[in-house]
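Colleague: Encoded as structure tokens, here's the structure I'll be asking about.
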Amino acid sequence: MANVQFEEEIERIETKVSAKAEAPRRNTRLLGGLLAGALITAAVAIAAWLHFQGRISTDNAQVDGHIVPVASKIYGTVEQVMVNDNQMVKKGQVLVRIDNRDNQARLNQAQAAVELARSQAQGATAGVPLVRDTTRGTTSEAEAALAVAQAELARAQVEYQRASTADVAAAQAGVATAQAQSDRAQADLSRMRPLVDKEEISKLQFDAYTAAARVAESQLQAAREQLAAARQAADTKKAAVASAQARVLQTQAGIATSRAAQRQVTVRAAEASSAAAGIEQARANLETAELQLGYTVIVAPVDGMVTRKNVEPGQIVQAGQPLLSVVPLNDLWVTANFKETQLAGVKLGQKAEVKIDLDGRKYEGHLDSIAAATGARLSLLPPENATGNFVKVVQRVPVKILFDNLPADALLRPGLNVDATIITR
């Protein structure tokens, strides 16, 4: 028992001696570890400082994209809705169909109006040559009739001139001659009458003088009748001249009428032009009706995902009424609102990193553009600093970052929060 206690005491003494010998070595290792940790911490700090020295970051950033609204262009009743919310669609894919019966009826009416306008234009165009040829023939006939009437007038004037001058003068001379002969015969008869009473001449001679007086009287009467006839003939020739003048005036009026009728050619040509314009108007109405009929089928304007669908079959929609929206997920970018104090070394085209809050994934990109004004200035109610209570506030400037080689499985949607970093060095 004593031996055991002795051995235990010896072990305790050896343990104390070993502990005293080990203490300096433990202190040395602890000091080395602390020194190594300090060096590592300094290296990490220096590396972090160098890493973040050429980088600016902000968590005031969101994913942006085009949200394309799809609306109805016409009034009508929805017949079919071909898509659902959050469904991927291709450009040109049918989304909604509107009842097209009314628009089809309007299209049929427009087509009929085009055919009617064409027939009217053909009739108006065909009438122009007919009126032109007719008026030309009438004018030619009237001009020929005028020439004939003028010739007849000239002949009548010549005949009237002759009848009123030479014929009447000759008849008047005959009357004068017969008058002189009658006067002489009466004078002879008057001288012979006393002689026959005295029987100085024979009864036979007196009868001869009496007969000569009667013959002279008859000749005078005949001359007077010839003068009256000549005057009557002159009056007749004068009436013929007046008639010829009336015919000339009539034919001249006919020429004026035919020439006026020639203006109908211009009128008919204008009617033909108007009918041609009617065709164009009818075609324009037809094109409008075709467009209205085409608007009954609403298709996707771009590739993307359907969202905000608020249309159902049987619903009556108005022109311009929003039906749904299409978001093209292959055209997204980031709008990051950096502080104005961070943009000193920022340049277009610099590389960028985008971390998505949704899943923590990082995507590479580049700086595309910097907004033309701060977010506050672009707000609905921009601040007015001229009121005297100005407080300087660091402004934020929207910066557009485009993705580089965005993977197909990237879960990005407009409006998602991100952390954006621009590498300035």
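The values are calculated or read from the model by the stated rules, or taken from the named source; none is laboratory data. Computed from a predicted model, the values in this text were never measured in an experiment. Neighbour counts run over all protein chains shown; Cβ positions are idealised from the backbone, glycine included.
Colleague: Residues being surrounded by 13 or more Cβ atoms within 10 Å (Cβ to Cβ), within 13 Å of residue 65 (Cβ to Cβ) and of a type outside the set (A, V, I, L, M, F, W, C): count how many of those fall in segment 400-425.
Modeller: Total meeting the criteria: 3.
Colleague: Right, here's the next one. If I filter segment 379-425 down to residues being among the basic types (Lys, Arg) and farther than 19 Å from residue 341 by Cβ, which single residue comes out as modelled with the highest pLDDT? Don't jump to the end; show me each part of the working.
Modeller: Narrowing segment 379-425 to residues among the basic types (Lys, Arg): 392, 396, 400, 413, 425.
When the remaining residues are screened for being farther than 19 Å from residue 341 by Cβ, the result is 400, 413.
Numbers: 400: 96, 413: 93.
Residue satisfying both the conditions and the ranking: 400.
Colleague: Would you mention how many residues in segment 67-114 are part of a loop (DSSP other than H, G, I, E, B) and of a type in the set (Ser, Thr, Tyr)?
Modeller: 2
Colleague: Quick one: residue 78 ticks every box in (1) touching a helix residue (DSSP H, G or I) at 6+ places or on another chain (Cβ under 8 Å); (2) at pLDDT 85 or above bar one, so which box is it?
Modeller: In the conditions (1) touching a helix residue (DSSP H, G or I) at 6+ places or on another chain (Cβ under 8 Å); (2) at pLDDT 85 or above, residue 78 misses (1) alone.
Each row is one residue, and each column tells you yes or no for (1) within 30 Å of residue 184 (Cα to Cα); (2) in a helix (DSSP H, G or I); (3) basic (Lys, Arg); (4) in contact with a Ser or Thr (Cβ under 6 Å, 6 or more places away or on another chain).
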residue	(1), (2), (3), (4)
214	yes, yes, yes, no
221	yes, yes, no, no
230	yes, yes, no, no
234	no, yes, no, yes
250	no, yes, no, no
253	no, yes, no, no
257	no, yes, no, no
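Colleague: Right, something else. Take segment 315-329 and flag every residue that is assigned to a loop (DSSP other than H, G, I, E, B) and out of contact with any Leu (no Cβ under 8 Å at 6 or more places or on another chain). So that I can check it myself, show each step before the final result.
Modeller: From segment 315-329, those assigned to a loop (DSSP other than H, G, I, E, B) are 315, 318-321, 328-329; that's our starting set.
Passing the criteria: 315, 318, 319, 320, 321, 328.
Colleague: Considering only residues that are under 28 Å from the mean Cα position of the chain (by Cα), closer than 20 Å to residue 311 by Cα and crowded, with 16+ Cβ neighbours inside 10 Å, which ones fall in segment 88-107?
Modeller: If the condition is that a residue be under 28 Å from the mean Cα position of the chain (by Cα), closer than 20 Å to residue 311 by Cα and crowded, with 16+ Cβ neighbours inside 10 Å, then 98, 100 are the ones that fit.
Colleague: Check segment 196-211 and report whether any residue there is surrounded by 16 or more Cβ atoms within 10 Å (Cβ to Cβ), at pLDDT 75 or above and assigned to a helix (DSSP H, G or I).
Modeller: Yes - at least one qualifying residue is present in segment 196-211.
Colleague: Show me the strands (runs of 3 or more DSSP E) found entirely inside segment 345-425 where at least 2 residues are of a type in the set (A, V, I, L, M, F, W, C) and more than 17 Å from residue 59 (Cβ to Cβ). Spell out how you get there, then give the answer.
Modeller: On the way: elements: 351-356, 362-370, 396-403, 417-423.
Here the list reads 362-370, 396-403.
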